[in-house]
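Please read the structure below before turning to the comments.
Just so you know, all these numbers are worked out from the coordinates, no wet-lab data involved. Note that this is a predicted model, so its numbers are computed, not measured. Here the Cβ positions follow ideal geometry from the backbone for every residue, glycine too, while neighbour counts run over all protein chains shown.
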Amino acid sequence: MRTHETGEPAGADDGADGGADDGTGAAGRPGSAGLLRLLAADRAAVAACAVLLLVALCALLGPPLFGDLAREQNLRAVKLRPFSTGEGWEFVLGSDSLGRSVLARLVVAAGTTMSVAVPAVALSLLVGSVWGMWAGFHRGWRESVSMRIADVILSFPSLLLAVVVLYVFDPGVANIVAVLAVARIPVYLRTARAESAQLRSRLFVDAARTFGTGDGALIRRHVLPIVLPTLLTVAAVDFCFVMLTESSLSFLGIGIQPPDVSWGLMVAQGRAELRNAWWTAVLPGLAIIITTVAMTQLANWARIAGDPAQRWRLTVPERRGRGRGRARAGRATAGEAPTKEQS
Amino acid sequence: MLTFLGRRILSSAIPLLVVVLGVFFLARLTGDPANLYLPLSATQEMRDAFSAKHGFDDPLPAQFAEYLSQVARLDFGESLRTAQPAAEAVLRAFPATLQLAGITMLLAVAGAVVVGSLAARRPNSPADRIAGFLSSASASTPDFWFAIMGVLVFAVTLGWLPTSGTVGSAAWVLPVATLLIRPFGVLVQVVRGAMVTALSEPYIKVARAKGAGERRVLFRHALRNAGAPTLTVAGDLAVGLVNGAVVVETIFGWPGIGKLMIDSILQRDFAVLQAAVLLTSLTIFALNILIDICYALLDPRVRQGAMA
Amino acid sequence: MNRHGTPGTSGAESTALEVRGLSVELRTPGGPVPVVRDVGFSVGAGQTLALLGESGCGKSMTAQAVAGLLDPVAEVVGGQVLLGGRDVLRLGPRERRGLAGPELAMVFQDALTALNPVHTVGSQLAEPFRIHERASRGAARERAVELMERVGIPEPGLRFRSYPHQFSGGMRQRLLIAMAVALRPSVLLADEPTTALDVTVQAQIMELLAELRRETRMALVLITHDLAVVAEQADQVAVMYSGTVVESGPVAEVFAAPRHPYTRGLLDSVPAGHARGTVLPSIEGAPPRPTAVPAGCAFRTRCPLARERCATHEPPLSATGPGRASACHYWKELADA
């Protein structure tokens, strides 16, 4: 036992934090099984997962399975309302002014949207994180130059950049991905730099350095594992932003071009039919919202689940007796400072 | 304070210059205006004459030097399209954008502070979860879709609001609402998060131990400490709005700077484009300085660091 | 002078604060966890009671429950907190806020985070007057400057406009104390008020607290893990272990002849009075986690006196003499030894 002189560590307190931590069982990171159990206990997060899985499934299987159907015009089945019966299952969500199945187009558009958003986010995450960790770890001029570059990219009117690039080159998927990736690099660059600059001064990094660990290995083994969860949550939120931007570009006619189809482009095409076929514009918009909301919810959940100081929030029962024992939907803390350290 | 501001001005000036420079060269990559403004049958002599007249035949660095010296004399060139001074076109469009952006940010910040603070009061309460879901839905709704739906419901079906124009307060409702949804949703989440953090600080307990009421605790003690993250995000959102709300301007026929810039590129109207970018960049530059001053006003520690 | 005499209080001093059977639970994923179990103590006006215990024994939680400042995850599930004879746990939030400051005040451990970084110390010091006495800005300011002077802040008129980060640790703690005693509360809870400070400053702060207590005849509840502080400052002591009081009584008597093996263990582990070169005794093991408190007596797993009965019967805190109580079945063996 500790001597009861003043030798006790200052700040060691028997306040709520310690107790709350006790409740979650082992502090620190739970295994993947533990995370799954936490996830299963949260209905909102489970629903979000289901939505995203469905979207991913559509994106992967949609184009090969429904590609032809989405292009097939049927002039006898023009502007069918959703849930029209008697015209076959493909018109369950109605048809557009050319008699194409809205359902098939939605599914195929999911593939296009994902084929822009996923690589764009992956690219910017990769480049921005590595660059940011490197800059934050070395400090000095490497850091300041990197930050200035980030400033420049962020203050560049991104829509203008998109228009220029897509007019100089052609508005194909690859170019849209490139524009979006470059525009979002600063987000990860800044986060990774801030976190790794903070870690650099921590004791365990010094300890590793005294063993002669090289810079690259230090970053890989000591900085990356700690920064990665934060970066992934940032990426999840940014995924939504990229998706929305792609649909805006497509809506404005400088993104995905026909005959390809994305959700944003579908809204643009449906706009002309607003008065007599509103569903052609409404449904793709709903698809965007549902996907984005699901992603945000999951990112919020992950942010809390990944933070030992906050994880208890996901499972704490209601204060009132009625809700006790029932797992609660742990909505939460978007934007909550992920840097807050609790000891 | 002055050296602090000086340093900030200097570091904010770099992006400003790079953007102006970048737009100048990038715009010229999009193609020769002669292709657009002369008939297809135009001869090479006519093209050369056109280029010479507008100075497009000089090498790019020379063109840029010429541009800079013009700007120094406050001469921003004239529009290829309308032959009017570029500055005029830009100054005509900018107030509409600025008014829209100002009203939107004011409403977004005020609304987010109220909703976010109330949600943070009891983390995970039903009110908090409802606010959380609605704000994430609000941040997730594509503005163009929202605008179309607004037109469909309120203008076409109900006939309460006009579909376009800037005259009368009714004309402002849909554009402002469209611009508002995303910043509002994002800011509610930021304010809520920052308030949850601030409310868990020991000084909140001290304030309660002094007998401070709920309103005093929330708005006097916690809110100001939650100001910095809110300010950062609000600043980024405001920058986006100053760059023009192309979607809103397109759908509602709003004569703003965003659509002007896009049109100028499509029309290779370089003088107008450059003048517009210069003006928005200067505005963003001023906005950043303003935000830095706000940080210092909010937090005495920043203020002291600035003096040192 | 005691404004709220409790009928039936014996002795020269009237009771300012009495806590009976206070229990606090933490709501956790694994169900409610009791962190404060059936805690009782009382303290008279002008007296000092020390709540002594290791980190995690529930002493801060007890103080926060008394002050009504528990975090949302913690909940009072039973007991009474009698302030001048009134049970504050039964009051509504508004009435309770009315007591916070004029009747019951609290000093916190870490003065840096306990002061709001974005407001001047002057405005924070003036707040109690603004809230409870609806004083004007000018009047509150004058009172705040007086307070700063009283707690030993040099040049209070100038420092009034300074911010917390511009003060040293000791000065910040003085400011925090000034804020707590502003309205001359009848009870002051001080939660480890000197833990974050240098040893020399610690003594000054304890001296200031003692002076203020004598001046205003307030009851002081001192939460600490420091035996030396208890010995010097307190009249009464309540020793806490694993969320409950295991021994209480006048400090001199308890320290001279402890009647609980835990108190005994604490006292034995103090270096004073041991010959150089001998091994300092310590209590084996660590306190149980609140989720895994052993059945029967919570201390039995570490207790040299433990027997079968200790595993089945939890010893209640019962009187062992005038003003003394112990929660041990075999306290007599300690008393006789």
> Among all helices in chain B defined by DSSP H, which have a length of 30 Å or more along the axis from Cα atoms plus a Kyte-Doolittle mean of at least 0.5?
Replying inline: B:2-29, B:86-121, B:170-199, B:270-298
> Considering chain C as a Gaussian network with a 10 Å cut-off on Cα pairs, which listed residue, C:LEU267, C:LEU26, C:LEU158, attains the greatest mean-square fluctuation?
Replying inline: C:LEU158
> Gap in Å between the Cα centre of the stretch B:114-157 and the Cα centre of the stretch B:233-294?
Replying inline: 26 Å
> Given C:PRO290, C:HIS260, C:ALA45, which one lies farthest toward the positive end of the charge dipole of chain C, if we put +1 on the Cβ of every Lys and Arg and -1 on the Cβ of every Asp and Glu?
Replying inline: C:ALA45
> Near B:LYS53, which aspartates and glutamates are there with a Cα under 16 Å away, not counting those fewer than 8 places off in the same chain?
Replying inline: B:ASP32, B:GLU45, B:GLU66, B:GLU78, B:ASP269
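Which value, in debye to the nearest 20, gives the size of the charge dipole of chain C about its Cα centre, when Lys and Arg are +1 and Asp and Glu are -1 at the Cβ?
Numbers: 34 positive and 34 negative charges, 138 e Å.
Charge dipole of chain C: 660 debye, to the nearest 20.
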> Across the stretch C:210-224, in residue order, what do the Karplus-derived ³J(HN,Hα) couplings come to in whole Hz, using 6.51 cos²θ - 1.76 cosθ + 1.60 with θ = phi - 60° and x for Gly and Pro?
Replying inline: 5, 4, 5, 5, 5, 4, 9, 6, 7, 8, 10, 9, 9, 9, 7
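Does the protein assembly as shown classify as rounded, prolate or oblate by the C-alpha gyration tensor (a ≥ b ≥ c root eigenvalues; a/c under 1.5 gives rounded; else a/b over b/c gives prolate, otherwise oblate)? If you can, show how the numbers build up before the last one.
Numbers: a/c = 2.42, a/b = 1.98, b/c = 1.23.
In terms of gyration-tensor shape, prolate.
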> So, in nm, how far is label A:SER201 from label C:GLN204 when the simple model puts each one 7 Å beyond its Cα toward the Cβ?
Replying inline: 2.7 nm
>> Can you give me the long-range amide H partners of C:LEU51? Hydrogens built in the peptide plane at 1.01 Å from N, cutoff under 5 Å, separation of 5 or more residues or another chain.
In response: C:LEU222, C:ILE223, C:THR224, C:ALA238
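Report the charge-dipole magnitude of the protein assembly as shown in Debye, nearest 20, computed about the Cα centre from +1 at each Lys and Arg Cβ and -1 at each Asp and Glu Cβ.
On the way: 92 positive and 80 negative charges, 323 e Å.
In debye, rounded to 20, the protein assembly as shown gives about 1560.
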> Counting GluC sites (Glu not before Pro) as exposed when in a DSSP loop with at most 15 other beta carbons within 10 Å, what is the longest stretch of chain C free of them?
Replying inline: C:134-283
> Say the dipole of the stretch A:29-306 comes from +1 at the beta carbon of Lys and Arg and -1 at that of Asp and Glu; which of A:CYS58, A:ALA117, A:LEU199 then lies farthest toward its positive end?
Replying inline: A:LEU199
> Out of residues 5 or more away from C:THR28 or on other chains, whose amide H comes under 5 Å of its own, with H placed 1.01 Å from N in the peptide plane?
Replying inline: C:VAL33
> Add -39500 (n - 2.57) for each DSSP H run of 4 or more in chain C, then divide by its residues: what number comes out at 222 nm, to the nearest 500 deg cm²/dmol?
Replying inline: -9500 deg cm²/dmol
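Test of understanding: what is the full-extension gain from C:GLU333 to C:ALA292, defined as 0.36 nm times their sequence separation minus their Cα-Cα distance?
The C:GLU333-C:ALA292 span can extend by a further 12.0 nm.
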>> Quick check: Cα centre of the stretch A:157-227 to Cα centre of the stretch B:163-221, how many Å?
In response: 31 Å
> For the protein assembly as shown, can you list the cysteines whose C-beta has no other cysteine C-beta under 4.7 Å from it?
Replying inline: A:CYS49, A:CYS58, A:CYS240, B:CYS294, C:CYS57, C:CYS303, C:CYS328
> Which cross-chain or sequence-distant (5 or more) residues have an amide H under 5 Å from the amide H of B:LEU223, H modelled 1.01 Å from N in plane?
Replying inline: none
> For the stretch A:47-55, what does the Karplus curve 6.51 cos²θ - 1.76 cosθ + 1.60, with θ = phi - 60°, yield as ³J(HN,Hα) per residue in whole Hz, taken in order and with x for Gly and Pro?
Replying inline: 4, 4, 4, 4, 4, 5, 4, 4, 4
>> Sequence gap at least 6, Cα distance under 8 Å: using those rules, report the relative contact order of chain C to the nearest whole percent.
In response: 20 percent
> Once phi is turned into θ = phi - 60°, what whole-Hz ³J(HN,Hα) does the Karplus curve with 6.51, -1.76 and 1.60 give for every residue of the stretch A:165-179, x standing for Gly and Pro?
Replying inline: 4, 6, 8, 5, 9, 10, x, x, 4, 4, 5, 4, 4, 4, 4
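Rounded, prolate or oblate, given the Cα gyration tensor of chain B, with a/c below 1.5 counting as rounded? Working shown, then result.
Working: a/c = 3.36, a/b = 1.67, b/c = 2.01.
In terms of gyration-tensor shape, oblate.
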> How big is the stretch C:111-184 on each of its three principal axes, counting only the C-alpha atoms and giving the largest first in Å?
Replying inline: 30, 22, 21
> In debye, nearest 20: dipole of the stretch B:241-308 around its Cα centre with unit charges on the Cβ of K, R (+) and D, E (-)?
Replying inline: 140 debye
